[in-house]
Every structure is written in structure tokens, then in C-alpha cells.
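Peer 1: Sharing a structure, written as C-alpha cells. Questions coming.
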Amino acid sequence: MNVADWPDWMRMVQAAAPLLPQPSFLPLLRQAGWALVLAALVSAALQGFGTHWIRDKAGLLALACALWAGVPGPWGLSYWLGLAFQTPSLMAMVLSLQYLWQRLTQRKWPQNVQTPGLAATQQPSPCWPCRYAVLGMVLGWLLLLDTFAYLALALYAWGFSPLAYALLFVLAIGPWVMAPGYLQTAPAPALLVVLAVFGLTRWPTGNVWDALLDPWLFVGLHIYLFARYRAHRGD
Amino acid sequence: MHFPSRWLRTGVVLGIAGVLCLADTARRAQRVPARAHPEVQIQGMVSDQPPGEAAMAGGHWERVGQGHIPMPQGVPAAHASALVTLPTTHPSALLAFWFAGDRESAPNVQIAMSALDRKSGTWSVPRMVVDRWDVAAQLGFGVRRLGNPVAWLDGQGQVHLFVVATGLGGWAAGRVVHLQHTAASTEAPWAWKAVAVLPLSWLWNTSYLVRTAPLPLSDGGMVLPAYFELGRKYPVALRLDAQGGLWDVAPVSSRGHLLQPALLAMGERDWLALMRDGGPGGRIRLARTRDGGEQWADAGDLPLDNPDASVATLTAGGQHLLVYNPQKSGRNRLRMASSVDGTRWSDLVDLENGPPGREYSYPAMAMVDGQLWVSYTDQRQSIAWQRFAWVPQALAASSKGSP
């Protein structure tokens, strides 16, 4: 059996060179990614409008944006968004999908899901989303510093290594050791889905940092944490 | 799956992480060290002299031809040529690529190509081989501008092209697109397929560019010099395998104003990078690696003036050759120099010496059938070339003595 015939996961742990994703799927991924992210953003933005008419039509407008982003070629939004911002991270896509699913099923955006059947001491900490947002923010700053060569180590290049993938896996699933209910808290399933999809497909670039965090999500984490901070202070 | 015990859960997490770490260790263990291609050391050796000082003392480079590569009809601007030597079995000996259009960064700029016929020694009618609309259609996202082609012949004889494709912004929003020559057909003998955008930066993969020629490796791969230029400018070395797959990215210098590294192999694992200085220094800067590009370190400056302009390097017959603009300001002079150790350079010949305001810049070099070819931008309007042959000392003396 030639190395070229191995399944992706086997080559990922054996390959001498970083595994990059199949280029043929990337345009489709870019269209789907921007469609999801735009639909979630439009849907979320329109929820804040006062008039019922706009709120009622939010779903339709979000769908229209998603369809527009999904159009291939220069008539599609993803073509121009890709020019400037390439492909959203897998994390942005998964969080968007999760948000849209919750909107569709009219469930509240999960902050902290309490797990039935677990004792209070075993319940996951109420701050998991904040903690992961802080970690994401720190990672983003480090990657930004690395981009401008202010770090001694090549952090971005390290994102191609399976070791980085292994460490992220430990970070993602490690809290489960302490609290089994952790896996049902808001960021944990998304993180595991992202790592699993990345491990199988190497989307979007073959670098695990690009799968976890993109610059717009990095900006979004700042806004999220600022909002949580204000809410905490009762502003 | 239910794991009631904390110890069991810990074991599962550590077990999976351990497997992944072991896999990474195995991956690193099978990593092949980068060694410069031995032919780089002897390629173009046209005399029987041994490499080094003796070879330099044993003859000289003599200009035996010069001219311009024909431009596509009606195209007024050209810049940043790249050369790649084809195998001796190919009817064309040399390919030249450059970007051409109304002006640098114009929307209609495309990558032009011309081939040097091996038998007749003439350049073919130039053709536009890569345009931004085609690249954008293949990649699935928009491309604003194209520029700086770099060509490479891989271990299987396949020609690869790396071009800068800009996103939202100017050159600082550039990305490196990897294209590969597809099977030739009568209708399109030089068609190119976009393989990938090289993933080099987390910041929307922007601001990485290429310009200078790759350093071939003995495993059939190569080291592609590249640089970042959004605010800070710093050079990197990309290692690609024999099929053109990205293997590694190594920073070459920590100084924040160097770009367009030109690589020279002093030995298999001992390489130099000669860099353009985007700062006020006006010199060619130097970085060195002694472990095949694993670790680079700044190695000071060369005593050669340079007006923040691209340089070209090549090793031929034991000599290291450099083409550069030898002034602190102005690109109106273009000079070729040679060296044995890469740090002490002797002037060989002025390729151009025009009045102030003229521009001869962005040189490229290649060896073809024992002769040295140099191409460069002439007034941003066309690509000029000069050809040199090595004349051994004895031959030069006898020709002087003949009637």
C-alpha cells in the first residue's frame, strides 16, 4: 500500500510533510463557510431590531445572505470575502451552525447547560465559555505577534505539527477528567467537532490554528468578553 | 461511552495524546535533512579548473550576447523576470517569466512567458500564460493583482510557478499562489493549474511574497525564499518536497526591514541569504544557516552598496555570482560580482551603467549549456538579457596572441 493510498488520518500521523487539504474541496468549503457565518451574523444582528416585521423576516434575510454567499464565482459574496479574508475558521463555522440550529429550534443560545443527574460538585463551572474565550483571545494575540515576527518561536508553522494537534486535543478534552458534564457545556462540543473535522480533512489550510481561530473570530471574542464583563458589572 | 472512574478518564486522555505525540516524534525522526543539490556546486563549470580561488583566477566571464526578450504586442510595462533551465532533452533550453501589463499593479497585469529555443538560440513569441481571472476561477476567490513570478523545475522535470496574487490592498496584501504546468496540448502548450495558496500566515494569509530563485535540494525538493512585508519586513525560507508540497517554514532574519532573500549554498548544509534592505542602511544584508535551514542567524552586512533593490545569486563552477545595483540610491547601474566564500566579493562587469533616473533592476540568473544568462528589468518596459561564456586563462592568452 502506497503512502498516497493511505487514509487521511493515517497519513496525518505518518507524513513527513504537513498534510494540506484537498484543494478541490476548498472553494466549496469557502462558500459553505461564509454562507453559515453570514447567515448567523445577519440573524443575530436583526434580532436586536425593534420592529416585529424585521425580526419576523430575519430568517428569510439570513437565508438570502447564505444563498448569496453560496453562489460560485464573482457574483457570489464568498468570492469577494475570500479575496480579503480567505476562509472562515472551522470554529466560526461550527459556532454559526450551532447558533442557527438553536434559532431554528427556538432554543436559547446556550450559556451553561446544567447536566441532569450530576451532583452540584460535579457540575461544570459556569465560566467555561468565558475561559475558552480568554484562551482564544490569548492564542489570537500570540498568533498576531508571530505574524509580525515578534515571537522567538514560529508559532504559526507549529500549527502544522501533529504535536500541536495532540496538545489541543488534551486542552479540549482534559476538563472532562475533572467534570464529565463538561462535554455538554457550550464550547466543548464545538471544540471537539472542530478538532475531529480538522483531523479528518485538514480544513481549511492544513494548519490547526486556522481551523480554531480566524482574525474575525478573534475580534468577536474581544466583543463577547467585553459584553460579559459589562453584564457581570451590571452596566 | 461511559467512563465512571476519573483514573480511567485520565488514562483515556493521556493515551490518545501519547499516541499523537509518538506519531509526531516518528514524523520528526523520518524527516530528511535539507542538503543543497550537489549540481548547484558544479553546475555550469565550463573549465577544468577546480572550484574556488583557482577557478576564479583561471579565466573570466566574457559577454557573448545581449538583447531583449520580445514583449507581448501592445503591452507597455514589464518587470521582475525569473528564469528556469529546462532539461537538455527539452527543445527549449530556458524559460523566462515576468509580469506585464499597462503598468505595475495594473488590473490587466498577467504573467508573460517566452522560451529560448535550444537549437536556434532565439526567444519564442511571448505569450500570457497566467491571468488573475483564471487563477481566481481556479481558486474560487477573487485576485486583485498578479506579480513576481518564480519558476522551479522539480525532481520529475515538472515546471512549477509561484506568483504573488494580492487580496484587499497592495503588494502588502500579497499571497503566494503555487501553479503547476499541466500536460501540454497543441492548443495550450503552456497551461497552468493553480495547486494551492501556500498557507503562510494566520492573518488571512496575507503579506507573503516571493521574488528570488529557489535553492535546489538533493532530495529533489527546494527551498523557496519568501518574505513578509506588512509594516515589518522579514524574510523566510520555505522548504518544499520533490512534488512541491510545503514542508516547513523557517524565519531567516529577525531584523524587521529585510526582504527578497537570495540564497547561496556554500556547502550542503551551509547556506547564505543575501537580502535587500528596506531600511535606511543602503547595503546588502546577510544571514547564514549551517544546518540546512533549520536555524538561521543574522550574519552582518556585505560591504556592497545597494539601493533597497532585489539581487540575484547563482553558484557556477565553484564561483558564487551576484548581480546587484551597486549604489546607495538609484537603480541605473547593474553589476555582476563573484566570490569564493560569499562574503568577499569582487566586481566582474557592469551589466548596465546608465544616466541617473534610468532603471535596470530585479535581475535573475541561470546556467544554460555551460553559459550564464542574466535577465533584468529595463526601464520597467521590457526584459533585457545578457549571455556570458567562461573563457579559461590559457584560451584568453592564445586568442590575444593570434593575428
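The values are calculated or read from the model by the stated rules, or taken from the named source; none is laboratory data. Keep in mind that this is a model prediction, so the values were computed, not measured. Glycine also receives a Cβ, built like all others from the backbone with ideal geometry; neighbour counts cover every protein chain displayed.
Peer 1: Name the pairs whose Cβ atoms lie under 9 Å apart, with the first residue in region A:133-149 and over 11 Å from B:W202 (Cβ atoms) and at the interface with another protein chain (Cβ under 8 Å from one of its Cβ atoms), the second crowded, with 16+ Cβ neighbours inside 10 Å and not small (G, A, S), and 6 or more positions between them or separate chains?
Peer 2: A:A149/B:F228; A:A149/B:R232; A:A149/B:Y234; A:A149/B:V236; A:A149/B:P251
Peer 1: Another one. Could you tell me which residue of region B:282-293 is farthest from B:S329 (Cα to Cα), considering only residues that are in contact with a strand residue (DSSP E or B) (Cβ under 7 Å, 6 or more places away or on another chain) and in a loop (DSSP other than H, G, I, E, B)? Before the answer, list the steps.
Peer 2: As a first pass, look at region B:282-293 and keep what is in contact with a strand residue (DSSP E or B) (Cβ under 7 Å, 6 or more places away or on another chain): B:282-289, B:293.
Next, from what is left, pick out any that are in a loop (DSSP other than H, G, I, E, B): B:282, B:293.
Numbers: B:G282: 8, B:G293: 32 Å.
Within region B:282-293, the match that is farthest from B:S329 (Cα to Cα) is B:G293.
Peer 1: Looking only at residues in region A:188-219 that are more than 18 Å from A:Y165 (Cβ to Cβ) and surrounded by 18 or more Cβ atoms within 10 Å (Cβ to Cβ), which one is farthest from the other protein chains (Cβ to nearest Cβ)?
Peer 2: Here the answer is A:L217.
Peer 1: Please tell me if B:R276 is within 12 Å of chain A (Cβ to nearest Cβ) and part of a strand (DSSP E or B).
Peer 2: Details: within 12 Å of chain A (Cβ to nearest Cβ): no; part of a strand (DSSP E or B): yes.
So B:R276 does not fit the description; no.
Peer 1: Tell me which residues, restricted to region B:114-134, are more than 11 Å from chain A (Cβ to nearest Cβ) and touching a Leu at 6+ places or on another chain (Cβ under 7 Å).
Peer 2: Taking region B:114-134 as the starting set, the residues that turn out to be more than 11 Å from chain A (Cβ to nearest Cβ) are B:114-131, B:134.
Result: B:A115, B:L116, B:W123, B:V130.
Peer 1: Residue check: is A:Q31 modelled with pLDDT of 90 or more and among the polar types (S, T, N, Q)? It would help to see each step written out before you state the result.
Peer 2: Numbers: modelled with pLDDT of 90 or more: yes; among the polar types (S, T, N, Q): yes.
For A:Q31, the condition - modelled with pLDDT of 90 or more and among the polar types (S, T, N, Q) - is met.
Peer 1: Filter region B:214-231 down to the residues that are more than 9 Å from chain A (Cβ to nearest Cβ) and without any contact (Cβ under 8 Å) to a residue 40 or more places away in the chain and list them by number.
Peer 2: Once the filter is applied, which keeps residues that are more than 9 Å from chain A (Cβ to nearest Cβ) and without any contact (Cβ under 8 Å) to a residue 40 or more places away in the chain, region B:214-231 yields only B:Y227.
Peer 1: Right, something else. Within region B:79-105, how many residues are more than 16 Å from the chain's Cα centre (by Cα) and either loosely packed, with under 14 Cβ neighbours inside 10 Å or of a type outside the set (A, V, I, L, M, F, W, C) (or both)?
Peer 2: Within region B:79-105, residues that are more than 16 Å from the chain's Cα centre (by Cα) and either loosely packed, with under 14 Cβ neighbours inside 10 Å or of a type outside the set (A, V, I, L, M, F, W, C) (or both) number 11.
Peer 1: Can you tell me which residue in region B:232-246 is surrounded by the most Cβ atoms within 10 Å (Cβ to Cβ), limited to those that are at the interface with chain A (Cβ under 7 Å from one of its Cβ atoms) and at pLDDT below 90?
Peer 2: First pass over region B:232-246, keeping only residues at the interface with chain A (Cβ under 7 Å from one of its Cβ atoms): B:232, B:234, B:241, B:245-246.
Adding the requirement that they be at pLDDT below 90 leaves B:241, B:245-246.
Working: B:D241: 19, B:G245: 18, B:L246: 22.
So the residue we want is B:L246.
Peer 1: Filter region B:139-172 for residues that are touching a strand residue (DSSP E or B) at 6+ places or on another chain (Cβ under 6 Å), within 9 Å of chain A (Cβ to nearest Cβ) and either part of a loop (DSSP other than H, G, I, E, B) or surrounded by fewer than 22 Cβ atoms within 10 Å (Cβ to Cβ) (or both) and give the result.
Peer 2: Result: B:V143, B:R144.
Peer 1: Out of everything in region B:12-43 that is assigned to a helix (DSSP H, G or I), exposed (fewer than 14 other Cβ atoms within 10 Å of the Cβ) and more than 9 Å from chain A (Cβ to nearest Cβ), what residue ends up being modelled with the lowest pLDDT?
Peer 2: Applying the filter and picking the extreme gives B:I42.
Peer 1: Okay, moving on. When region A:150-179 is examined, which residues are found to be modelled with pLDDT under 80 and more than 7 Å from chain B (Cβ to nearest Cβ)?
Peer 2: Passing the criteria: A:P175, A:M178, A:A179.
Peer 1: Specify the residue that is farthest from B:S254 (Cα to Cα); the eligible residues are those in region B:305-315 that are buried (at least 19 other Cβ atoms within 10 Å of the Cβ) and touching a Pro at 6+ places or on another chain (Cβ under 8 Å).
Peer 2: This residue is B:A312.
Peer 1: Any idea which of (1) more than 14 Å from every other protein chain (Cβ to nearest Cβ); (2) assigned to a helix (DSSP H, G or I); (3) at pLDDT below 85 is the one A:M10 doesn't satisfy?
Peer 2: Result: A:M10 passes all but (1).
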